[in-house]
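The values are calculated or read from the model by the stated rules, or taken from the named source; none is laboratory data. Note that the structure is a prediction, hence the values are computed from the model and not measured. All Cβ positions, even for glycine, are placed from backbone atoms using ideal geometry, and neighbour counts span all protein chains on display. Ligands, DNA and RNA are stripped out before the accessible areas are found, and what is left, the full protein with its side chains, is counted by its heavy atoms. Shrake-Rupley method; radii C 1.70, N 1.55, O 1.52, S 1.80 Å.
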Amino acid sequence: MNLSFFFRLTTRGLSRRTGVRWAAGMVLAASLGLSAAAGKPYSYFVTGNAQASVTLPTPPSTPSLVLMGGGPDVDAAFRWMLTRAGIQPGTGGRFVVIRATGTEAYNPYIYYSDAAFSTSTTIAEQWVGGAALGLSSVETLVIPNANAANDPFVNTVLGKAHAVFIAGGDQSDYIKSWKGTKLDQTLQALVQNKVPIGGTSAGLAVLGQFDFAALKGTVTSAQALSDPFNKAMTLDPNPLSLAGGFIAPPALANTVLDSHLDSRDRMGRLIAFVARLVAPDAAFGCPGGILAAGTGRSATARGIGVGVETALLVQGNPGADAAFTARRVTNPSTSTESAVYFVRPLSPPTVCAPGKPLTMTSVEIKKLADSDTVFNLSDWSGLVGYTVDAIAGALTSSPY
């Protein structure tokens, strides 16, 4: 068997996130000498040397987040995480991937430079080349339940990470099995210490202040717009609280996130998620909502939708204003538009109640489809927007 060819088949995009070709991944793991924790409530795999000394010149001073929209992974986003962590050739550094199901297939993709599993400084597309860029190890923890999330070894490994990535899968697993555990505390400590954190698909979904929890399965745009309180519209936290959901990094305050926005036609449901956040004001708003609609800088409901093969790089900036800014990256060979959409209601919903289709007019949408524009998340500036209306459960114009 040609293992390099086998690796390319098992680790591109969907396979890295879901572990569909699990058996192939296990064959590869054995061939690369990766290790798993037999008999433990978790699985652990490492590529490289997790015991190597790490000598980062300075710890990160501002936050860094990668919001990846699913589909093929964006190589440049992982390299950006290494740069933001302060990792460079000679420093070493530990990159930790966490997931509830799946395999270790991210390890070689992030660590090696090409299909020959080399650490060459010439890095091929569809490879990150982490070792050449200074990483000493890539580690994957498969954490399927609360017992694993509370395990001391799991939290020791995660606590030493210099960058963390949450793989795709099912975000309800993360909400049910990780929230409120020792793992949750470890992640919060990493956020406080400005360690770069990213996620794709389900891993993206749990990075907002408010999360679509998928506790009753997924929901389509048509279902969400026809009844924003239907049983599948499960949000975290429930009831809504300004304390936020699972991870809730400050850069994403007042924000709910969604992935696969273009390929799965999810703009309608993102608008419905955002509507649910808007507090009642006189006769308008949504029951249980806690945020405002409009253009204010604080407590204004917001949504960010990310297309496939797209990553939004969010960073804090030093200085008096200390704004959070973001830019979009994708792969050179992408065949999609790879856009990010920023959604904000300019007025509260006029109809938002259980069993009734949503009506909310003047929903502002700003579209980012290039890698040069910098968007200011703090004041929602940097792009010209347009508006769409949701009338009786239907969008009146195309939001794409």
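Annotations for the structure displayed:
- Some residue of segment 107-127 being open to solvent by less than 40 Å² (accessible area, probe 1.4 Å), β-branched (V, I, T), in a loop (DSSP other than H, G, I, E, B) and closer than 26 Å to L207 by Cβ: no
- Top-ranked residue of segment 314-327 - restricted to ones that are in a strand (DSSP E or B) and touching a Gly at 6+ places or on another chain (Cβ under 9 Å), ranked as farthest from D73 (Cα to Cα): F324
- Applying the criterion of being assigned to a loop (DSSP other than H, G, I, E, B) and in contact with a helix residue (DSSP H, G or I) (Cβ under 8 Å, 6 or more places away or on another chain) to the residues of segment 328-371, the residue that is most open to solvent (accessible area, probe 1.4 Å) is P357.
- Residues in segment 260-288 that are touching a Leu at 6+ places or on another chain (Cβ under 9 Å), open to solvent by 10 Å² or more (accessible area, probe 1.4 Å) and part of a loop (DSSP other than H, G, I, E, B): A279, G288.
- In segment 71-106, residue nearest to S177 (Cα to Cα) [restricted to those that are surrounded by fewer than 22 Cβ atoms within 10 Å (Cβ to Cβ) and β-branched (V, I, T)]: T101
- Filtered residues of segment 309-321 (kept if over 27 Å from G71 (Cβ atoms) and either without any contact (Cβ under 8 Å) to a residue 12 or more places away in the chain or β-branched (V, I, T) (or both)): G319, A320
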